[in-house]
Structure formats: C-alpha cells, structure tokens
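First the structure, in the form of structure tokens, and then the observations on it.
Just so it is clear, none of the values below were taken in a lab; they were calculated from the coordinates. Since we're looking at a predicted model, the values are computed, not measured. Reconstructed Cβ throughout: ideal geometry from the backbone, glycine too, with neighbour counts over all protein chains shown.
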Amino acid sequence: MEIEKNGLLETYILLCNVLLDMYATCGLLTKAQKVVDRILVRDMVSWTSIVAGSVEHGHGEVAILV
C-alpha cells in the first residue's frame, strides 16, 4: 500500500483513522487491526472504529477484548 510505503501511518493520525474506519466498515478486520497496531497514539476515533467494525460484522467478542 502506498500509504505504508511512504511512512504516513506513523505520522498522520487522521489518515490512520480514515483508513482504519474504511477497513472496519468494509469488514476487513484483519487489515483494520494491522492499521491499529501501527498507530503510535490511538485516540477515541481509532478505538471507536475498530470496536464498531467488529460488532457490525458479528465479532462482538473481539470488540470486548479490544
């Protein structure tokens, strides 16, 4: 992914959160989790996106563990 190649995930929280929300909304939870793992400082948007995406796609048990 071009965003990762340019090192933007470590620098821009807004970009991370948009990418994370897109993956979580689409049900690509493994990719969403990889983005979460790369975020240095997670904020409320980061946590809400991963939890909401997990619940929305039937992985409520994952949401509890996050």
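How big is the chain by the Kirkwood estimate over distinct Cα pairs, in Å?
11.6 Å
Given the rule -39500 (n - 2.57) for each run of at least 4 DSSP H residues, summed and divided by the residues of the chain, what is its mean residue ellipticity at 222 nm, to the nearest 500 deg cm²/dmol?
It comes out at -20500 deg cm²/dmol, rounded to the nearest 500.
Which of the peptides 12-24, 37-49 is most tightly packed, and how do the rest follow, going by the mean number of other Cβ atoms within 10 Å of each residue?
12-24, 37-49
Which value, in debye to the nearest 20, gives the size of the charge dipole of the chain about its Cα centre, when Lys and Arg are +1 and Asp and Glu are -1 at the Cβ?
100 debye
Which ³J(HN,Hα) values in Hz, rounded to whole numbers, follow from the phi angles of segment 7-20 under the Karplus curve 6.51 cos²θ - 1.76 cosθ + 1.60, where θ = phi - 60° and Gly and Pro get x?
Going residue by residue, I get x, 7, 5, 7, 10, 10, 5, 4, 4, 4, 5, 5, 5, 4 Hz, with x marking Gly and Pro.
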